[in-house]
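Right, one structure below, let's go through it.
The values are calculated or read from the model by the stated rules, or taken from the named source; none is laboratory data. Here the structure is a predicted model, which is why all the values come from computation and not from measurement. Cβ: placed from backbone, ideal geometry, glycine included. Neighbour counts: every protein chain shown. Only protein heavy atoms, including side chains, enter the accessible area calculation; ligands, DNA and RNA are left aside. Shrake-Rupley method; radii C 1.70, N 1.55, O 1.52, S 1.80 Å.
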Amino acid sequence: MNLNTIVEVKRPSSAEQIGQWRAGYAWLAGGTWLFSEPQVATSTLIDLDSLGWTPLTATAEGLEIAATCRIADLHAFKGPPAWRAVPLFHGCIDAFLMSFKIWNAATVGGNVCMSLPAGAMISLTAALDGVCTLWPRPNQSNGGQPREVTVADFVTGNHKNVLEKGELLRSIRLPASALSKRYAMRQMSLTHLGRSAALLVGTAGDDGSDFLLTITAATPRPVQLRFAKMPSADDLRQAINQRLPADGYFQDVHGSASYKRHLTYYFAEQIRAELA
Ligand SMILES: Cc1cc2nc3c(=O)[nH]c(=O)nc-3n(C[C@H](O)[C@H](O)[C@H](O)COP(=O)(O)OP(=O)(O)OC[C@H]3O[C@@H](n4cnc5c(N)ncnc54)[C@H](O)[C@@H]3O)c2cc1C
C-alpha cells in the first residue's frame with residue numbers, strides 16, 4: 001500500500017551517515033510488513049539495501065547472515081557436508097507463510113526484528129545458537145558500541161525485542177558447532193499454509209549429547225531447554241513443565257493456548273525419540 005506519511009527516503013552508503021535518530025525514522029528492509037499497513041508515525045524510511053552488506057559469509061567458524069539477507073538467498077544456500085543442519089533452513093523457510101513477493105523481498109533481519117511468535121527465522125536462528133550483532137546509534141546509552149545478544153534473548157515477547165530506538169540489527173552468526181549437529185523439526189498450522197501454531201526444533205551431537213530443544217510459535221518468545229545428555233521422556237516433560245506453566249503459551253487466531261501446549265508436549269517427545 002502507499003504510505004502517505006513518508007516525506008523522505010534516505011539511502012545511506014554506511015550506517016554512520018544516520019547519526020541522530022529522530023522521531024518518525026524507520027529502517028526499511030524488504031518492506032513487506034512496513035508497506036502492508038499504514039505507518040502513521042513514520043515520516044522517513046532509511047533503506048538498508050544501499051548499505052550493500054554481503055548476504056551470507058561462510059567461514060570455518062560458522063555462517064554470518066547479514067540482516068539484509070533475503071529469505072530467497074538463504075533458501076539457495078548450500079553449506080559444506082559437515083554442516084548437517086543446513087536442510088533445516090528449508091524446513092523453517094517453508095513454515096513461513098508467504099507469497100512469492102514476500103519470499104523474494106523479505107529479509108532475515110526484518111523477520112527477526114518483527115519479533116512475532118511465528119517468526120520462522122527466529123525459530124531457525126535461535127535453534128542454531130544464533131548470536132545477533134546490534135549497532136546502536138552513536139548517542140545511545142553504551143556510547144554507540146556494537147553489542148551481541150543471542151537470538152533467544154533478542155526476542156522478549158510478542159512483537160517485542162531488546163532493540164533500543166534506532167538500534168540496527170547488523171547480522172546473525174550461526175556457529176559451526178551448531179550447524180554440524182543433527183536436528184529434528186516439527187511444525188503445525190491450523191490451516192494449510194497458515195501461520196505456525198507450534199514450531200519446535202531439537203539439535204544434538206552424534207551420541208545424543210548436548211541436546212537443545214527450541215520451542216517457538218506456541219510461546220510469545222523462544223523457549224530453550226538444554227541437556228548435557230539425551231533426557232528420558234519423563235525428564236523432558238518435567239523440564240517443559242518447569243519452564244512453561246500452562247499460562248505461558250501464546251493464544252491467538254492461529255491456535256488456543258491449550259492446543260499449542262498439547263502440540264509442544266507431542267512434538268517435543270517426537271523430536272527426543274528421533275534424536276535419541
Ligand atoms: C502476507 C504476509 C504474511 C506474513 N506472514 C508471516 C508469518 O507467517 N510469520 C512471520 O513471522 N511474519 C509474517 N509476516 C510479517 C513479516 O514478519 C514480514 O513481512 C517480514 O518478515 C518482514 O521482513 P522485511 O524484510 O520485509 O521487513 P520490513 O517490513 O522492511 O521491516 C519490518 C520491521 O523491522 C524493522 N527492521 C527491519 N530490518 C531491521 C534491522 N536490520 N534492524 C532494525 N530494525 C529492522 C523495520 O523498521 C520494521 O519495523 C507476514 C507479512 C505479510 C504481509
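Observations
- Within segment 251-264, residues that are in the same structural domain as PRO222 (by TED's automatic domain parsing) and in a loop (DSSP other than H, G, I, E, B) sit with their Cβ atoms under 9 Å from residues that are open to solvent by 80 Å² or more (accessible area, probe 1.4 Å) and modelled with pLDDT under 95, at 6+ positions apart or across chains, in these pairs: VAL253/LEU190; VAL253/ARG195; HIS254/LEU190; HIS254/THR191; HIS254/ARG195.
- Matching residues in segment 230-261 - criterion: being buried (at least 16 other Cβ atoms within 10 Å of the Cβ), hydroxyl-bearing (Ser, Thr, Tyr) and out of contact with any helix residue (DSSP H, G or I) (no Cβ under 7 Å at 6 or more places or on another chain): TYR259
- Among the residues of this structure, PRO81 does not count as one that is crowded, with 21+ Cβ neighbours inside 10 Å, assigned to a loop (DSSP other than H, G, I, E, B) and modelled with pLDDT of 95 or more.
- Test: residue in segment 71-88 that is within 11 Å of the ligand (Cβ to nearest atom) and touching a residue at least 12 places away in the same chain (Cβ under 8 Å): yes
- In segment 208-229, the residues that are open to solvent by 40 Å² or more (accessible area, probe 1.4 Å), over 18 Å from ASN158 (Cα atoms) and assigned to a loop (DSSP other than H, G, I, E, B): ASP210, ALA228, LYS229
- Verdict on LEU134 being crowded, with 17+ Cβ neighbours inside 10 Å, closer than 25 Å to THR264 by Cβ, touching a Leu at 6+ places or on another chain (Cβ under 7 Å) and not assigned by TED's automatic domain parsing to the domain that holds ALA257: no
- Residue that is away from the ligand (no atom under 14 Å from the Cβ), touching a helix residue (DSSP H, G or I) at 6+ places or on another chain (Cβ under 7 Å) and among the acidic types (Asp, Glu), where the choices are GLU8, GLU61: GLU61
- When residues in segment 84-98 are screened for being in a loop (DSSP other than H, G, I, E, B) and of a type in the set (Gly, Ala, Ser), 2 of them pass.
- Within segment 24-43, residues that are under 21 Å from ALA67 (Cβ atoms) sit with their Cβ atoms under 8 Å from residues that are more than 8 Å from the ligand (Cβ to nearest atom) and among the small types (Gly, Ala, Ser), at 6+ positions apart or across chains, in these pairs: TYR25/SER43; TYR25/GLY166; THR42/GLY24.
- Number of the exception - SER123 against (1) more than 8 Å from the ligand (Cβ to nearest atom); (2) surrounded by 24 or more Cβ atoms within 10 Å (Cβ to Cβ); (3) in a loop (DSSP other than H, G, I, E, B): (3)
- For segment 20-45, a residue qualifies if it is open to solvent by less than 30 Å² (accessible area, probe 1.4 Å), farther than 17 Å from VAL108 by Cα and out of contact with any Ser or Thr (no Cβ under 7 Å at 6 or more places or on another chain), and the qualifying residues are THR44, LEU45.
- Residue within segment 56-78 that is basic (Lys, Arg), within 15 Å of ASP129 (Cβ to Cβ) and over 14 Å from the mean Cα position of the chain (by Cα) present: no
- Answer residue from segment 145-171, given it is in a strand (DSSP E or B) and in contact with a Phe, Trp or Tyr (Cβ under 9 Å, 6 or more places away or on another chain) and is surrounded by the fewest Cβ atoms within 10 Å (Cβ to Cβ) among those: ARG147
- Residues satisfying the stated conditions in segment 89-115, i.e. within 21 Å of PHE250 (Cβ to Cβ) and open to solvent by less than 50 Å² (accessible area, probe 1.4 Å): GLY91, CYS92, ALA95, PHE96, MET98, GLY110, ASN111, VAL112, CYS113, MET114, SER115
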